[in-house]
Amino acid sequence: MLCACILLAGACDDDDESSPQLTGDTKTYTLNSVSDPAISGTVTFAERDDDQIVITIELDGTQPGVSHPAHIHMNTAAEGGGIILDLTSVDGATGMSETIVSALNDGSVVSYDDLLSLNGHVNVHESAANLSTLIAQGDIGKNELTGDRKEYTLQEVEGSGVSGTAVFERRVSDFTLVTLQLTGTQSGGDHPAHIHNNDAAMGGGIAIDLSNVNGDTGLSVTHIEAMNDGTPIMYDQLVTFNGHINVHLSPSQLATVVARGNVGANAGE
């Protein structure tokens, strides 16, 4: 009986060793709140020794009885893009989702290293019936933010009551996420915004279009890789750019500026 037990134990050890194992290489990205400030979390990629990847979403603030579809999309969250990989829906009771993948939806083989350099973002939706509402979102791969950032003040113009900040953040790709956050905007408003040449006192033509500021939220987010004329511009060039930002009253009233601030080389320390 002793020999049989030893042989059986050996067989079990062999089975354990032959099953897929995690290599220890992992990467975690932040999933930020979108429609519900109580919900946020992370998505983690973990490499396995069988060339598959375990993708785990962990959210706080979800509720039992709800299933939240999740996907990896193309491009940055600011740009948006089509679904390239379906993920297991997040269980509202646990806030968890686990997906094991080796290929994208189109059948293209994808490795752990491929995901770490992907031009993509993760969206988690409210429900299958309401995919247009996001509860959590985060950039992944080369779109991840590095932590390098510059913040500039946008001051009200001629008593508009609108002011705020512009934040430039470096991505792993060395491109830039520009976020305008304003207070004093009005519900239903739509405020065009641009980076202009020269400082605010001198004025100058539009160099880079920014996403319009939403009057309801005071928010504008823009992914920047190039100037309007097609000239590539990286984060280090943008934070030393000879420019300023103008935020306008409306698309039909571009002559009226409601907030303005120097950026790059023109901003005071």
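Any read-out appearing in this document is the output of simple, stated calculations on the displayed coordinates, not a laboratory observation. Computed from a prediction, not measured in an experiment: that's the story for all the values here. Because the Cβ atoms are built from the backbone with ideal geometry, glycine has one as well, and the counts that use them run over all protein chains shown.
Classify the range 21-141 from the C-alpha gyration tensor, please: rounded if a/c falls under 1.5, else prolate or oblate depending on whether a/b exceeds b/c. Verdict is prolate for the range 21-141.
Basic side chains Lys and Arg get +1 at the Cβ, acidic Asp and Glu get -1 at the Cβ, and with that the dipole of the chain about its Cα centre reaches some 1160 debye. Per-peptide packing, taken as the mean over residues of other Cβ atoms within 10 Å, places 101-112, 71-82 in the sequence 71-82, 101-112 from highest down.
Would the range 45-93 count as rounded, prolate or oblate if I go by the C-alpha gyration tensor, calling it rounded below 1.5 in a/c and otherwise prolate when a/b exceeds b/c, oblate otherwise?
On the way: a/c = 2.26, a/b = 1.14, b/c = 1.99.
Oblate.
Ranking L182, L254, I233 by how far each Cα lies toward the positive end of the dipole of the range 170-269 (charges on Cβ) leaves L182 at the top.
Counting helices only, and only those DSSP H runs with n ≥ 4, report the 222 nm mean residue ellipticity of the chain as the sum of -39,500 (n - 2.57) divided by its residues, in deg cm²/dmol to the nearest 500. Working shown, then result.
On the way: 3 runs with 26 residues, N = 269.
When only DSSP H runs of four or more count, the value is -2500 deg cm²/dmol.
Projecting label points 7 angstrom from Cα along Cα→Cβ for D114 and N198 puts them 5.0 nm apart. Each residue of the range 190-199 is assigned a 3J(HN,Hα), and the resulting list reads 9, 10, x, 9, 8, 8, 9, 6, 6, 7 Hz, derived from the Karplus form 6.51 cos²θ - 1.76 cosθ + 1.60 (θ = phi - 60°), x at Gly and Pro. Multiplying the residue separation of S132 and L145 by 0.36 nm and removing their Cα-Cα distance gives an extension gain of 2.2 nm.
Under 1.5 on a/c is rounded, so check that first for the range 191-249, then, if it is not, pick prolate when a/b is larger than b/c and oblate when it is not; a ≥ b ≥ c are the square roots of the alpha carbon gyration tensor eigenvalues. Cα axes put the range 191-249 in the oblate bin.
How high is the FRET efficiency between S250 and D229 when r is their beta carbon distance and R₀ equals 30 Å, given to the nearest 0.05?
Working: r = 25 Å, r/R0 = 0.85.
About 0.75, to the nearest 0.05.
A full extension of the chain between L219 and M74 corresponds to an added length of 50.0 nm, given 0.36 nm per residue minus the alpha carbon distance.
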